[in-house]
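What follows is a set of notes on a single structure, which appears directly below.
Quick note: the coordinates plus some simple rules give every number you see, no bench work behind them. Keep in mind that this is a model prediction, so the values were computed, not measured. Cβ: placed from backbone, ideal geometry, glycine included. Neighbour counts: every protein chain shown.
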Amino acid sequence: MPENASLWPPSKLPGQGTAACAVAIFLLLATLGRAQDATGVRVESVRLGFDGKYKVGDWTPVWVTLAYPRGKAPIEGRLELTVLDGDGVETTYVDQAGPPVELESGEEAEFLQYVKFGRVRSDLAVRLRGGQGVLAERTFAPAEFPQPLPAGRELIVTLGGEAGVAEAARQTRRRPEEQVAVSVVDRDHPLPDHWRGYDSIDTLVLLTGGPEFLDTVDEPQWAALRQWVRLGGRVLLSVGAQGERVFGEQGVLADFSPGRFVGVAPQQRTAGLETFINAAERLGAGEGRAGGLLAAVLADVRGTVKVAESAGPTQRPMVVHYPVGLGQATLIAVDLDREPLASWRERGKLVRRLLEGFGGGGETAEQTTARGRVSHIGYEDLVGQLRAALDDFPGVTLVAFSWVAALVVLYAALIGPADYFLLRRYVGRMERTWFTFPVVVAVFCLIAWAGVSYFKADRLLVNRVDVVDVDVASRQVRGSSWIHVYSPRGQTYDISLTPQSALATSREGQGTLLTWLGLPGSGLGGMNSAAGRLYNAPYRIVGERENGALRVEPQEMPIQVRSTRALFGRWWAEAELDSAGELAGSPNDGALDGEVVNPLDVPLQGAVLLYNHWAYRMPQEMAPGGGVSLNRRLPDGNLVWRLTQKSVGEDFKEFATPWDEANRDVPRVMEMILWHEAAGGRTYTGLLHRYQGELDLSSHLAAGRAILIGRVAKSPARLSLGGEAPPDDAVQQWTWYRVVLPVREE
């Protein structure tokens, strides 16, 4: 061999390939760094929720501030926000439905995006992606932005000022960890432009006394607020001096008025408000009269008038509680944020009483601790119980943890002390462990494989519940779907939910949101847990427009082998309804007159008409367009008795069947989700119903409306997994329709 010959070809020199790879990687990273530096875009800051207040598991508005230096060409891109979902998996939210991010040279601008945090502690990664890749990126650690409130915490947000809400919250007796959270949003804080941005709010307090705030809200923001209320939100309106701008013909909330707006007039007498809260001090006592108090005057008021004041020969409604679509509103027809109310020492007590009108506001510490028996089951909200019920699949048996723990202990004993003892005492040759150890491992692997094959189904399965709510007066339709998917193998799915009900006929204002469903609570897998990332299988939730309708759906969502995924879908539309009949009645005796008609395109099975706290049985099958004449018919039963399964004992005493927090009967759990407050609320179940509390329509019954409810055989929305619908024999489903009917008071 020549002296200068090498044993290695030039391309195979030891270390040369490694060095070349390192140089290539360094150059690539440097190039990417220079490309990003060339754009110069910086993610300056983020602003979340309402003055930093928002909840885990709910849609949250995130305003991202981007800065772009001078001397650069205009750029365009899309924001991507990444957080952990309810199962601890990285989830990236991309909004392709709205306009892209556009930045000019030297511009600093704020852009709005919506996400759902699945853990109370989670990083927030922000990326701006353009045609050339990632233009800017920054990850915010949990300490760099306000963390979400637990799902069970009550959140009250006031727009336009404070008006004694914080004082009212302090007066509400709760356990320390359940104290009401209050956020005050002034005119400098932006508002969401889509209704899902209000998802975290339990009650919104809107103060209109200052015209400056009304001037800062644009029409898309008003439209978002109105839609949120119609879909189940709760709002306390304080409308006095600006009554014309709010309730007038061209008012921003003209369709929220509980009556015909007459005008604004001075209100001298306030005895009704003082009696309403048993005030210790007269309103405007320093002047001896109300002095300067202006009230919005309404006529032909609908809803429940809680307070009326004398105004000459007439009574002027001052506090009115009434439904708005599927939501609720309470109006106080004076300004809480203006004099003389602003300096009244009893204002906090008044605000607390107004908030109690929505139900649950007066819950005491004793009531919340009376049934604290749920820590062992891992959830604190009724939605957690529904999740547990929907995780019960036919052909899939949940192996008790005690059995798993026993096998682990046995396995550790066999490969450790037992193996040592047997070989030393009976064999005498310790090197035989090289044979016994793999045998034990192989045997336990076979046991695990056989157990999985025996206890777990080997095909795709789906459990789902659908509830469709229809408000006849506003024609508002709201669909809710809980979907649990069992996958026999590890796989990713593009999942979509498409409404097929004839009620969703108009594309105007229609949309669908389908995302993960979290577990409220601090148990294993709960959203309040501080646990971080579960496994590294990121996916995306993408928002798009389809024929003018918004669609938000997961793409490449992972489901681990022989595991389940919980999803929640929400769709909404405006309905074209046939006649629903006409009802008249008195809430005092519960007797209804007139005719109730099924306005749907599907027959209702086992339908029941509810009014106040009474129940009327309908025919076993109520066909589309089919009607039932009531003619002052007496009720067939009491709703509270039905919900709590009351009975009379041998001693003629009434007693209710205690609620079983571990019950897995889906119809029974859904019955409580739909009418929780009517059954007694947390006092009866021991569980909160705050995570999806808008589904409880008990307050509409209390407001004098009737609700027709029945089962339907066909699901109202088509589910697609990877582009295909699951086979019918793989789906176990329950579907309810509720039709909210106006009742003319006799």
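Table for the structure above
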{"quantity": "Of the trypsin sites (Lys or Arg not before Pro) in region 609-707, those whose Cβ has at most 10 other Cβ within 10 Å and which sit in DSSP loop", "calculated": "Lys653"}
{"quantity": "Nonlocal amide H pairs with Leu135, under 5 Å, H built at 1.01 Å", "calculated": "Leu128, Arg129, Gly130"}
{"quantity": "For Ala717, residues with placed amide H under 5 Å, excluding near neighbours", "calculated": "Gln500"}
{"quantity": "Three semi-axes of the equivalent ellipsoid, the chain, Cα gyration tensor, whole Å, largest first", "calculated": "52, 36, 26"}
{"quantity": "Principal axis dimensions, largest first and in whole angstrom, of region 60-162 by Cα", "calculated": "48, 38, 28"}
{"quantity": "Sequence-distant aspartates and glutamates (8 or more away, or on other chains) whose Cα lies within less than 13 Å of Lys306", "calculated": "Glu274, Glu356"}
{"quantity": "Cα gyration tensor shape of region 606-668, rounded if a/c is under 1.5, else prolate or oblate by comparing a/b with b/c", "calculated": "oblate"}
{"quantity": "Region 601-616 - phi-based ³J(HN,Hα) in whole Hz, Karplus 6.51/-1.76/1.60, Gly and Pro as x", "calculated": "9, 10, x, 9, 9, x, 5, 9, 9, 10, 8, 6, 10, 10, 10, 10"}
{"quantity": "From phi via Karplus (6.51, -1.76, 1.60), per-residue ³J(HN,Hα) for region 463-472 in Hz, x at Gly/Pro", "calculated": "10, 8, 10, 10, 10, 10, 10, 10, 9, 5"}
{"quantity": "Glu154 long-range amide H proximity, modeled H, under 5 Å", "calculated": "Ala181"}
{"quantity": "Helix-only [θ]222 nm of the chain, DSSP H runs n ≥ 4, -39500 (n - 2.57) each, per residue, nearest 500", "calculated": "-5500 deg cm²/dmol"}
{"quantity": "Counting DSSP beta bridges with both ends in the chain, the antiparallel % (nearest 5)", "calculated": "75 percent"}
{"quantity": "Total charge dipole magnitude, the chain, about the Cα centre, Cβ charges on Lys, Arg, Asp, Glu only, Debye to nearest 20", "calculated": "1900 debye"}
{"quantity": "Kirkwood Rh in Å, taken over all unlike Cα pairs in region 616-746", "calculated": "17.7 Å"}
{"quantity": "Distance from region 698-739 to region 598-677 (C-alpha centre basis), Å", "calculated": "17 Å"}
{"quantity": "Kirkwood Rh in Å, taken over all unlike Cα pairs in region 113-265", "calculated": "17.9 Å"}
{"quantity": "Ellipsoid equivalent to region 178-278 - semi-axes via the Cα gyration tensor, in Å", "calculated": "24, 19, 14"}
{"quantity": "Tensor-based shape of region 696-736 (alpha-carbon gyration tensor, a/c under 1.5 rounded, otherwise prolate or oblate)", "calculated": "prolate"}
{"quantity": "Given charges at Cβ of Lys, Arg, Asp, Glu: region 149-369 dipole, positive-most of Gln268, Ser238, Gly312", "calculated": "Gly312"}
{"quantity": "Largest-first ellipsoid semi-axes for region 633-681, taking √(5λ) over the Cα gyration tensor eigenvalues, angstrom", "calculated": "20, 16, 9"}
{"quantity": "In order through region 730-745: 3J(HN,Hα) via Karplus (6.51 cos²θ - 1.76 cosθ + 1.60), integer Hz, x for Gly, Pro", "calculated": "9, 10, 10, 9, 9, 9, 10, 10, 10, 10, 8, 10, x, 10, 7, 7"}
{"quantity": "GluC sites (Glu not before Pro) within region 628-681, DSSP loop, no more than 16 other Cβ atoms inside 10 Å", "calculated": "Glu650"}
{"quantity": "Cα radius of gyration and Dmax for region 149-369 (Å)", "calculated": "16.7, 51"}
